[in-house]
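The values are calculated or read from the model by the stated rules, or taken from the named source; none is laboratory data. None of the values given here were measured: they were computed from a predicted structure. So basically every Cβ, Gly included, is an ideal-geometry build from the backbone, and we count neighbours across all protein chains shown.
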Amino acid sequence: MDRDTEDRIKTAGLRRTRDRVRTLDHLLAADRPLAHGDLETALSRIDRVTLYRVLEALEAAGLLHRILGADGVWRYRAHRETGARCPGGHPHFLCLECGRMACLTDQPLPRVDVPPGTVVRRKQLVASGLCPACAATPDRED
């Protein structure tokens, strides 16, 4: 288990379980948001329900955020303490061909005016289309 990850989980007020540490470690090492299925495959010793609970706890503790893609799949991205941070509050791009999602951290979400007294809990903007690799496939019929 990574000691830094364990400390982050403890500081967030959670118990440092093996499954939480492995999941957060994997998300921190990833270069993009990952779907539950990606994590389930990579973390083969964590069952499906436990993984959902781990992701829910890590999100509630502010250690990651989730993004709903145009394909109806939730993807998860860990918040880094240093370097390129992905704290939410920015748009994402989803490739409809390969399913990879990218954080567009250099772009803020547009301002949304809501009625007085309203409490906004989540905003997201997901642009979708084809990533450069999928768009460059020579046998595309688009």
> Can you tell me how many residues in segment 37-50 are assigned to a helix (DSSP H, G or I), more than 24 Å from residue 126 (Cα to Cα) and in contact with an Asp or Glu (Cβ under 9 Å, 6 or more places away or on another chain)?
Replying inline: 2
>> Filter segment 1-52 down to the residues that are of a type in the set (A, V, I, L, M) and modelled with pLDDT under 90 and list them by number.
In response: 1
> Is it fair to say residue 72 is of a type outside the set (A, V, I, L, M), within 24 Å of residue 125 (Cβ to Cβ) and in a helix (DSSP H, G or I)?
Replying inline: no
>> I need a count of the residues in segment 18-36 that are in contact (Cβ under 8 Å) with a residue 12 or more places away in the chain and either in a loop (DSSP other than H, G, I, E, B) or not charged (D, E, K, R) (or both).
In response: 12
